[in-house]
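Remarks on the structure that follows.
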Amino acid sequence: MTDIAYHPTRLRALRDSFRALRAAEFPWTADTVYLNNASTGPIPERTRRALDEFTAKRTAPHLLPDRELLGGLQAAREAVARLLNAETGEVALTTNTGFGLHVAARALPLQRGDVVLLSDGEFPAIVYPWLLLKKEGVEVELAPCGPEGWPDEDYLVERLADPRVRVLAVSFVQFSNGYRCDLARLGAACRANGTVFVVDAIQGVGNSIVDVRETPVDILACGGQKWLLSPWGSGFLYVRRELVRVLEPVVTGWMAFEGTDDFSRLTEYNPTFRADARRFEMITLPYQDFVGMTASLGLLLEIGVRDIAEVTRATHAPIVKWAQENGVRISSPTENGHRSAILCVAPAKPAEAYHAMKRARVVCSLREGSIRLSPHCYNTVEEMEKVIEVLDDLM
């Protein structure tokens, strides 16, 4: 994603439109400052209504024929494809990020002596699937972070020159400091060296643009419950078209195979995997959660992720200014290039600050010694200024 800076007039107009959205879709924000989307994003009102309607039908299952259930899953795949600028056949539905990462770790043809390269300090979900491969002789290298605690992209690119490095796996956005990796740079380096590029995108998709037609990502896994404002149990796996037919899942669902759409001929077993990414899906999926995800993605696509990116980053400004004036460390990038919607502040007594936030009805997280603030489209500058009031009382 290229950083953009909107004209102040344009930014004000966006904020005004987002205020209307806030009132319509997130009415509970009138009495709670919720800055914790990096943990769990809220369900918009339109999504709640879609879920309620589906659940009402679920009480009488004959109201949900197979064509409607399977059509709901296809609608979710199509919405994800629009979000990523992918082909629908490159999208598999999953119940969380970790499942998609395990699919990648087990389906890639890694051999004894091959190296999987990770950055130290990553969220566990992107680390453990690869560590399990050590039993099979695959080497897992944790690259040291830079002095700021961020991934050292120069080092990662340098290591890719080693032909033994067969996989580079990174988080699009770091959970503990909001550092946004340069997927274009890392992906191009992987492509040049014949390395598979795997991305855990849960902290970035929804607040930062990902265009898989422009960015050379091979496999991308993402859960819906954070920045996509979707139900728990919803997520997806993107697999580049050229890789879909090459990778065969180790664990399969019964609808991963050709011919299983015809429920009248299910015992004519065909061991041929589907030609698209549905070969990676584990049926039965939680239909209701994907109905909800489709509704939430519809909202994000209406707003536009580019506008969400600009507005969320603009809300950081008061906190950054306050920290600079008071000598408080910001552990997130504050310059263009690696910023995300996550802003982490490291006051002298972070645990005390975190509990003060809770008392003030400001919902945030304490991560790796920093207060993690993660605003979304419905958050306001005034809410960030309330954070400053709480921090000021502790100075």
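A few remarks follow.
Per-residue answers, yes or no, for (1) surrounded by 13 or more Cβ atoms within 10 Å (Cβ to Cβ); (2) touching an Asp or Glu at 6+ places or on another chain (Cβ under 7 Å):
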site: Ser39; (1), (2): yes, no
site: Leu51; (1), (2): yes, no
site: Ala56; (1), (2): no, no
site: Gln74; (1), (2): yes, no
site: Gly98; (1), (2): yes, no
site: Pro124; (1), (2): no, no
site: Ala143; (1), (2): yes, yes
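- Pick from region 374-390, criterion surrounded by fewer than 17 Cβ atoms within 10 Å (Cβ to Cβ) and not charged (D, E, K, R), ranking: modelled with the highest pLDDT: Ile388
- Of all residues in region 100-114, those that are buried (at least 20 other Cβ atoms within 10 Å of the Cβ) and in contact with a strand residue (DSSP E or B) (Cβ under 7 Å, 6 or more places away or on another chain) total 6.
- Subset tally (residues that are open to solvent by less than 30 Å² (accessible area, probe 1.4 Å), farther than 20 Å from Val167 by Cα and assigned to a loop (DSSP other than H, G, I, E, B)) for region 195-209: 4
- Test: residue in region 157-166 that is closer than 20 Å to Gly337 by Cα, in contact (Cβ under 8 Å) with a residue 24 or more places away in the chain and aliphatic (A, V, I, L, M): yes
- Scoring Gly337 on the criteria (1) in contact (Cβ under 8 Å) with a residue 40 or more places away in the chain; (2) surrounded by fewer than 20 Cβ atoms within 10 Å (Cβ to Cβ); (3) at negative phi leaves a single failure, condition (3).
- Applying the condition of being open to solvent by 40 Å² or more (accessible area, probe 1.4 Å) and free of Cβ contacts under 8 Å to residues at least 24 places away in the same chain to region 247-260 and asking which residue is nearest to the chain's Cα centre (by Cα) yields Phe257.
- Some residue of region 266-280 being within 21 Å of Pro65 (Cβ to Cβ), buried (at least 23 other Cβ atoms within 10 Å of the Cβ) and basic (Lys, Arg): yes
- Candidate set: region 1-11, residues that are part of a helix (DSSP H, G or I) and either closer than 24 Å to Leu229 by Cβ or among the hydrophobic types (A, V, I, L, M, F, W, C) (or both); chosen: the one modelled with the lowest pLDDT: Leu11
- Unmet criterion (only one of (1) modelled with pLDDT of 95 or more; (2) of a type in the set (Lys, Arg); (3) touching a Phe, Trp or Tyr at 6+ places or on another chain (Cβ under 9 Å); (4) closer than 22 Å to Ala76 by Cα) for Arg241: (3)
- Evaluated against (1) of a type outside the set (D, E, K, R); (2) modelled with pLDDT of 95 or more; (3) open to solvent by 70 Å² or more (accessible area, probe 1.4 Å); (4) in a loop (DSSP other than H, G, I, E, B), Ala192 falls short on exactly one condition, (4).
- For region 275-298, the set of residues classified as over 13 Å from Val80 (Cβ atoms) and among the hydroxyl-bearing types (Ser, Thr, Tyr) consists of Thr284, Tyr287, listed by residue number.
- Only one of Thr40, Thr97 that is under 30 Å from Glu139 (Cα atoms) and among the hydroxyl-bearing types (Ser, Thr, Tyr): Thr97
- Failed item, numbered, when Glu302 is tested on (1) free of Cβ contacts under 8 Å to residues at least 24 places away in the same chain; (2) of a type in the set (D, E, K, R); (3) farther than 23 Å from Ile43 by Cα: (3)
- Residue match in region 57-64 (condition: part of a loop (DSSP other than H, G, I, E, B), in contact (Cβ under 8 Å) with a residue 60 or more places away in the chain, out of contact with any Ser or Thr (no Cβ under 7 Å at 6 or more places or on another chain) and more than 30 Å from Asp262 (Cβ to Cβ)): no
- Of the criteria (1) touching a strand residue (DSSP E or B) at 6+ places or on another chain (Cβ under 8 Å); (2) in a loop (DSSP other than H, G, I, E, B); (3) under 17 Å from Arg180 (Cα atoms); (4) open to solvent by 20 Å² or more (accessible area, probe 1.4 Å), which one Tyr155 fails: (2)
- Filter pass, Ser230 being of a type in the set (Gly, Ala, Ser) and surrounded by 21 or more Cβ atoms within 10 Å (Cβ to Cβ): yes
- Residues that are closer than 21 Å to Asp200 by Cβ and of a type in the set (Ser, Thr, Tyr), drawn from region 66-112: Thr94, Thr95, Thr97
- Filtering region 166-181 to residues that are assigned to a strand (DSSP E or B) and surrounded by fewer than 24 Cβ atoms within 10 Å (Cβ to Cβ) leaves only Arg166.
The values are calculated or read from the model by the stated rules, or taken from the named source; none is laboratory data. Predicted model, so just to flag it, every value in this text is computed and none were measured. Here Cβ is always computed from backbone atoms with ideal geometry, including for glycine, and neighbour counts include all displayed protein chains. Heads up: the accessible areas ignore ligands, DNA and RNA and are worked out on the full protein's heavy atoms, side chains in. Shrake-Rupley method; radii C 1.70, N 1.55, O 1.52, S 1.80 Å.
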